[in-house]
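Engineer: My questions all concern the structure below.
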Amino acid sequence: MTIDTTKSKEIKDPLEEDTYKTLVNNASEAIFIAQNGMLKLINPATCKITGRTYSELYSTPFLEFVHPEDREAIASNYEKRISGQKAPERYQFRILKSNGDIIWVELSSVAHTWQGHPATVNFLTDITERKAIENALIESEKKYKKIFENIQDIFYQTDLSGTIIEISPSIHRYAGFKREELIGKPVTYVYSNPEKRDALVKAIMEKGEVIDYEVVLKDKFGNEFYTSTNSHLLYDNHGNIIGIEGSLRDISERKKTEIALKESIKQKEILMVELQHRVKNNLGIISSLLSLELSKLKDDYSKEIFLNARNRIFSMSTIYEHLYSSGNLNNVNLSIYLKDLAKMILQTYSLSKGKISLQTALDELYLDLRKTVPLGLILNELITNSIKYAFPHNGDGEIKISLSRHSDKATLHVSDNGKGLPENFDIKKSNGMGLNLVMLLVEQIEGNIDLFNSNGANIVINFRI
């Protein structure tokens, strides 16, 4: 398609040179001459952009193609330029295509004389897509500005020197400061203890960010309030660190709850210590009363019953002694407890039995009372049985205790070098109260028990930690 000059065949075509015609005809922007409100000369791109034919463009006043809301401004600019007045060299407006679509265009226009009369030479570019992007950016800016202005948390930015370069209006809700009062101020201005800022900056520099980092600020009136910040380094387009930005959330209520909870726990710990102390003392009193009655008994059977009862009570009393002395209200060092308990049991029988030595190999393991109490009672029964039955005629012997840990499981192994278990012994069929108690306690700690002879009796108990 070439430039249509049929309207002025008698006039010499100013674009008759082939080079100029090629440039104009192949230009991607619309190029046309306007005179007396009509188009006089147009290139193919004018038809393409406007969606109209040559005939439509030549026969219709060009303002008809302009959106009604923009016509007044376009007419004014055109008249000013024709009359030699100052008019914008470049401006944007909307035009109507033949199919009813509306597109945005940008026009560059210069005054010109055409066939001896004032005219304008115009260059028109379709900027609909660009305009859509610009509008989207404007809407996005409005959206984020609204979010920024209404955000509940406090958003902030500082430069490397710690000067506040941006802070959200929400600071007023928590600290009483207006945004404008703080921009340009050092961020330590709102710190309760300015020296704490150095620790925050150090943490951010080392890790690149901090999450849920506690910061104590002060409001406009000097009152402290607790915040939690998520902050990270701020970079420029070249990857250089230029500051820090992040958000602050008021956690004053959460902090009050934490402080109250800690105080409550502290009070409960005091009560628990007192309770454990009283339990220990009461168990000690019961043990002493049993010992007193034991000294009055004459027959061995009754003495054995009282002695077993006293030792069982003592095994529990020892646990509370360990808790009370260690200051740990929840967990007992099982290795120390079992060793002390074993020594105590051997001392109980030292006057009536032969010389029995104790060997221990105990891994360090901390357990709560739900596991420690049953294990203490189990050890008491097993050692007592070895002392009473493993060494005939009150002979000398050795008892070994080992405790080993394997991931989430542990093994307690008690053995002696005595005469061993009876042939075909089945603990489940035992009539003895002590071994029946052992079986019940093993079930209580969700464990299993294995008995066998190997240079004496061996009892192995596996249980979950």
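The values are calculated or read from the model by the stated rules, or taken from the named source; none is laboratory data. Everything numeric in this text was worked out from a predicted model, so none of it was measured. Don't worry about glycine lacking a Cβ; one is built from the backbone with ideal geometry, like all the others, and counts go over all protein chains shown.
Engineer: Filter the stretch 362-390 for residues that are more than 15 Å from Asp340 (Cα to Cα) and either β-branched (Val, Ile, Thr) or not assigned by TED's automatic domain parsing to the domain that holds Leu440 (or both) and give the result.
Structural biologist: Within the stretch 362-390, just Ile387 meets the criteria.
Engineer: Okay, next question. Of the conditions (1) out of contact with any Pro (no Cβ under 9 Å at 6 or more places or on another chain); (2) farther than 19 Å from Leu358 by Cβ; (3) buried (at least 18 other Cβ atoms within 10 Å of the Cβ), Val442 fails just one. Which one is it?
Structural biologist: For Val442, the exception is condition (1).
Engineer: Given the criteria among the hydrophobic types (A, V, I, L, M, F, W, C), surrounded by 15 or more Cβ atoms within 10 Å (Cβ to Cβ) and part of a helix (DSSP H, G or I), does Ile204 qualify? I'd like the intermediate steps shown before the answer.
Structural biologist: Working: among the hydrophobic types (A, V, I, L, M, F, W, C): yes; surrounded by 15 or more Cβ atoms within 10 Å (Cβ to Cβ): yes; part of a helix (DSSP H, G or I): yes.
Spelling it out, Ile204 is indeed among the hydrophobic types (A, V, I, L, M, F, W, C), surrounded by 15 or more Cβ atoms within 10 Å (Cβ to Cβ) and part of a helix (DSSP H, G or I).
Engineer: Of the residues Ser228, Ser247, Ser192, which single one is over 21 Å from Thr163 (Cβ atoms) and among the small types (Gly, Ala, Ser)? Break it down stepwise before answering.
Structural biologist: Working: Ser247 fails: over 21 Å from Thr163 (Cβ atoms); Ser192 fails: over 21 Å from Thr163 (Cβ atoms).
Unique residue meeting the criteria: Ser228.
Engineer: Report yes if Arg464 is surrounded by fewer than 14 Cβ atoms within 10 Å (Cβ to Cβ), within 18 Å of Thr318 (Cβ to Cβ) and either in the same structural domain as Asn308 (by TED's automatic domain parsing) or not β-branched (Val, Ile, Thr) (or both), otherwise no. Walk me through it before giving the result.
Structural biologist: On the way: surrounded by fewer than 14 Cβ atoms within 10 Å (Cβ to Cβ): yes; within 18 Å of Thr318 (Cβ to Cβ): no; either in the same structural domain as Asn308 (by TED's automatic domain parsing) or not β-branched (Val, Ile, Thr) (or both): yes.
No.
Engineer: Determine if the stretch 451-459 includes at least one residue that is closer than 25 Å to Asn333 by Cβ and among the hydrophobic types (A, V, I, L, M, F, W, C).
Structural biologist: yes
Engineer: Okay, moving on. Tell me which of these Tyr235 doesn't satisfy, since it passes every other one: (1) more than 18 Å from Asp159 (Cβ to Cβ); (2) aromatic (Phe, Trp, Tyr); (3) under 23 Å from the mean Cα position of the chain (by Cα).
Structural biologist: (1)
Engineer: Could you please give the count of residues in the stretch 344-377 that are assigned to a strand (DSSP E or B) and of a type in the set (Phe, Trp, Tyr)?
Structural biologist: Pass one, the stretch 344-377, residues assigned to a strand (DSSP E or B): 356-362, 366-368.
Of the ones still in play, those that are also of a type in the set (Phe, Trp, Tyr) are 366.
Number satisfying all stated conditions: 1.
Engineer: Further question on the same structure: When residues of the stretch 439-454 are filtered for being in contact (Cβ under 8 Å) with a residue 40 or more places away in the chain and either in a helix (DSSP H, G or I) or of a type in the set (S, T, N, Q) (or both), how many remain?
Structural biologist: In the first step, residues of the stretch 439-454 are kept if they are in contact (Cβ under 8 Å) with a residue 40 or more places away in the chain; the result is 441-442, 444-445.
From what is left, the residues that are either in a helix (DSSP H, G or I) or of a type in the set (S, T, N, Q) (or both) are 441-442, 444.
Here the count works out to 3.
Engineer: Taking the stated definitions as given, is Val216 surrounded by 15 or more Cβ atoms within 10 Å (Cβ to Cβ) and aliphatic (A, V, I, L, M)? Explain how you work it out, then say what you get.
Structural biologist: Numbers: surrounded by 15 or more Cβ atoms within 10 Å (Cβ to Cβ): no; aliphatic (A, V, I, L, M): yes.
Here the answer is no, as Val216 does not meet what is asked.
Engineer: OK, next. Mind checking which residues of the stretch 379-406 are among the aliphatic types (A, V, I, L, M) and closer than 19 Å to Ser430 by Cβ? Full working, then the answer.
Structural biologist: Of all residues in the stretch 379-406, those among the aliphatic types (A, V, I, L, M) come to 379, 382-383, 387, 390, 399, 401, 403.
Correct list: Leu379, Leu382, Ile383, Ile387, Ala390.
Engineer: Now for a different question. When you check Tyr337 against the structure, is it touching a His at 6+ places or on another chain (Cβ under 6 Å) and surrounded by 14 or more Cβ atoms within 10 Å (Cβ to Cβ), yes or no?
Structural biologist: On the way: touching a His at 6+ places or on another chain (Cβ under 6 Å): yes; surrounded by 14 or more Cβ atoms within 10 Å (Cβ to Cβ): yes.
So Tyr337 passes the test.
Each row is one residue, and each column tells you yes or no for (1) surrounded by fewer than 15 Cβ atoms within 10 Å (Cβ to Cβ); (2) out of contact with any Leu (no Cβ under 8 Å at 6 or more places or on another chain); (3) closer than 25 Å to Ile33 by Cα.
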residue: Ile102; (1), (2), (3): yes, no, yes
residue: Val110; (1), (2), (3): yes, yes, yes
residue: Thr113; (1), (2), (3): yes, yes, yes
residue: Leu124; (1), (2), (3): no, no, yes
residue: Ile127; (1), (2), (3): no, yes, yes
residue: Ala132; (1), (2), (3): yes, yes, no
residue: Ala136; (1), (2), (3): yes, yes, no
residue: Lys142; (1), (2), (3): yes, yes, no
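Engineer: Next up: Name the one entry in Ala199, Ala260 that is among the aliphatic types (A, V, I, L, M) and either assigned by TED's automatic domain parsing to the domain that holds Asn330 or within 30 Å of Asn330 (Cα to Cα) (or both). Give the steps one after another, and end with the answer.
Structural biologist: On the way: Ala199 fails: either assigned by TED's automatic domain parsing to the domain that holds Asn330 or within 30 Å of Asn330 (Cα to Cα) (or both).
Matching residue, one of Ala199, Ala260: Ala260.
Engineer: Can you pull out the helices (runs of 4 or more DSSP H) entirely within the stretch 44-122 that have at least 3 residues that are over 24 Å from Ala132 (Cα atoms)? Talk me through it step by step, then tell me what you get.
Structural biologist: Working: elements: 44-50, 54-59, 71-82.
Filter on the stretch 44-122 gives 54-59, 71-82.
Engineer: Listed residues Tyr54, Tyr78, Tyr20; which is at pLDDT below 90 and of a type in the set (Phe, Trp, Tyr)?
Structural biologist: Result: Tyr20 is the single residue among Tyr54, Tyr78, Tyr20 that is at pLDDT below 90 and of a type in the set (Phe, Trp, Tyr).
Engineer: Here is a list: Asn385, Asn380, Asn436. Which entry is assigned to a helix (DSSP H, G or I), within 52 Å of the chain's Cα centre (by Cα) and under 19 Å from Gln359 (Cβ atoms)? Explain how you work it out, then say what you get.
Structural biologist: Values: Asn385 fails: within 52 Å of the chain's Cα centre (by Cα); Asn436 fails: under 19 Å from Gln359 (Cβ atoms).
None of the other options fit; the residue is Asn380.
Engineer: Scan the stretch 347-380 for residues that are closer than 20 Å to Asn417 by Cβ, modelled with pLDDT of 85 or more and surrounded by fewer than 18 Cβ atoms within 10 Å (Cβ to Cβ) and report the count.
Structural biologist: 5
Engineer: If you take the residues of the stretch 219-260 that are among the acidic types (Asp, Glu) and part of a strand (DSSP E or B), which of them is surrounded by the fewest Cβ atoms within 10 Å (Cβ to Cβ)? Full working, then the answer.
Structural biologist: Going through the stretch 219-260, the residues among the acidic types (Asp, Glu) turn out to be 219, 224, 236, 245, 250, 253, 258.
Imposing the further condition that a residue be part of a strand (DSSP E or B) reduces the set to 224, 245, 250.
On the way: Glu224: 12, Glu245: 15, Asp250: 19.
Per the criteria, the residue is Glu224.
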